[in-house]
2 protein chains.
Amino acid sequence: MGISDVIAGFIQEALDDADGVLELQRGDLAQRFNCVPSQINYVMSTRFSPEHGYIVESRRGGGGYIRITRVQVDRQTLMMHVINSIGDTLDYPSARAILTNLAQSEALSVEVATALLTAVSEGALRTVPQEKRDALRADIVKQVLIHFV
Amino acid sequence: MGISDVIAGFIQEALDDADGVLELQRGDLAQRFNCVPSQINYVMSTRFSPEHGYIVESRRGGGGYIRITRVQVDRQTLMMHVINSIGDTLDYPSARAILTNLAQSEALSVEVATALLTAVSEGALRTVPQEKRDALRADIVKQVLIHFV
DNA sequence: AGCAGAAAGGTCAGAGATAGTCAAACAAAA
DNA sequence: TTTTGTTTGACTATCTCTGACCTTTCTGCT
């Protein structure tokens, strides 16, 4: 088990204690585990990505921090199911179908579903090369849904 | 937490007590928090910008002051103002400030604001080349906001 | 009125403190 | 052996704090 796993475990525990939201300093953590600071970035991107159910925000400069939020996971298996069913790409009609479904089954409010659909519409993504839109759409939808689970 | 956050917190509280309008002296504040006066300017420009929902006016000379006003406008106006204020690019911290502000002033529900913020987070857009993210983020946010006016 | 000095606030660039990126070296797994 | 995952460190980006210098306004004196 490498150092990345140890760090990830430490953060998981701290998140449990802290009720799902944790703010820490990259330098501190690096020192505590005797590794280079960028190792923390690696851990964040491989263990606390949106797919894993976390949101990571940060700030540089004096008093900087990394904030990790674990999204609630107990509410809807439906959501998880939907999320898992979304592959690496998602075209607009499929997105529309999925979101309409979720709204109809009241897993999402109509407002949220509409907002999200608009966010991934061809219009909103028009500056993204055609061939990359579906991948991006999948990312965005998954991330938002994960956030709402 | 740095001194800027402390000062900002103090001002927020004072604004609450004072019903949204506050007049204070730069030198006084600096002395109270034991910092250089220009630190106050820094706090103004980073924490009380129009983007955050404040108007800051000031006057020099004897009896000079800094006046901070928390703005409250009707939903339509606020939305239009916000949409117009978004240029061709929008970084994540700005998006967060804008959406937090819209949620606080109840122009958007917390759910929608959160969903949109997640949709334009660095995580969700990670497959988009760094240099194109801010432009895309601006597009998405504007498109969704227009949809909600 | 005109002017000088005092009493504010403003600007900007540099130093310090954090965090992020990326690619190369290394290690583990298939 | 090929592929995938991990670790490192040099370089970069961003946020905060400070101080020297600048501009505006007020007040009192002539």
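The values are calculated or read from the model by the stated rules, or taken from the named source; none is laboratory data. Just so it is clear, the model here is predicted, and its values are computed rather than measured. Cβ placement follows ideal geometry from the backbone for every residue including glycine, while neighbour counts extend to all protein chains displayed. Surface accessibility is based on the protein's heavy atoms, side chains included, excluding ligands, DNA and RNA. Shrake-Rupley method; radii C 1.70, N 1.55, O 1.52, S 1.80 Å.
Here B:P50 fulfils each of the conditions (1) over 26 Å from B:R96 (Cβ atoms); (2) open to solvent by 80 Å² or more (accessible area, probe 1.4 Å); (3) not hydroxyl-bearing (S, T, Y) apart from (1).
With respect to (1) touching a residue at least 24 places away in the same chain (Cβ under 8 Å); (2) open to solvent by less than 50 Å² (accessible area, probe 1.4 Å); (3) more than 14 Å from chain B (Cβ to nearest Cβ); (4) of a type in the set (A, V, I, L, M), the lone exception for A:V6 is condition (2).
Within region A:1-41, which residues are near DNA strand C (Cβ under 8 Å from one of its atoms) and over 25 Å from A:G61 (Cβ atoms)? Passing the criteria: only A:G2.
Being charged (D, E, K, R) and either within 13 Å of DNA strand D (Cβ to nearest atom) or within 22 Å of B:P93 (Cα to Cα) (or both), is that true of even one residue in region A:8-21? Within region A:8-21 (the criterion being charged (D, E, K, R) and either within 13 Å of DNA strand D (Cβ to nearest atom) or within 22 Å of B:P93 (Cα to Cα) (or both)), the answer is no, since none of the residues qualifies. For region B:10-32, the set of residues classified as polar (S, T, N, Q) and touching a residue at least 24 places away in the same chain (Cβ under 8 Å) consists of B:Q25 only. No other residue among B:Y42, B:Y92 is near DNA strand D (Cβ under 9 Å from one of its atoms) and under 22 Å from B:A138 (Cβ atoms) apart from B:Y92. Could you list, in sequence order, the residues of region B:114-131 that are surrounded by fewer than 21 Cβ atoms within 10 Å (Cβ to Cβ) and more than 8 Å from chain A (Cβ to nearest Cβ)? Scanning region B:114-131 gives B:E122, B:P129, B:Q130, B:E131. Remark: A:M44 matches the filter, which requires a residue to be near DNA strand C (Cβ under 9 Å from one of its atoms) and either open to solvent by less than 40 Å² (accessible area, probe 1.4 Å) or touching a Cys at 6+ places or on another chain (Cβ under 9 Å) (or both). The single condition among (1) within 13 Å of another protein chain (Cβ to nearest Cβ); (2) free of Cβ contacts under 8 Å to residues at least 24 places away in the same chain; (3) more than 15 Å from the chain's Cα centre (by Cα) that A:A97 does not meet is (1). Per the listing B:V82, B:V21, the residue uniquely of a type outside the set (S, T, N, Q) and either open to solvent by 40 Å² or more (accessible area, probe 1.4 Å) or not assigned by TED's automatic domain parsing to the domain that holds B:E122 (or both) is B:V21. Sub-6 Å Cβ pairs linking a first residue in region B:33-49 that is within 14 Å of chain A (Cβ to nearest Cβ) to a second residue that is more than 8 Å from DNA strand C (Cβ to nearest atom), at least 6 apart or interchain, are B:C35/B:I3; B:V43/B:S4; B:V43/B:I7; B:V43/B:A8; B:R47/B:A8, ordered by first then second residue. Counting just the residues of region A:50-59 that are in contact (Cβ under 8 Å) with a residue 60 or more places away in the chain and closer than 23 Å to B:S94 by Cβ, which one comes out nearest to the other protein chains (Cβ to nearest Cβ)? Within region A:50-59, the match that is nearest to the other protein chains (Cβ to nearest Cβ) is A:P50.
Look at region B:109-133: where a residue is more than 19 Å from A:I83 (Cβ to Cβ), no partner that is among the polar types (S, T, N, Q) and buried (at least 23 other Cβ atoms within 10 Å of the Cβ) sits 6+ places away or on another chain with Cβ atoms under 7 Å. Reported count of residues in region B:53-63, each being exposed (fewer than 13 other Cβ atoms within 10 Å of the Cβ) and more than 10 Å from DNA strand C (Cβ to nearest atom), is 0.
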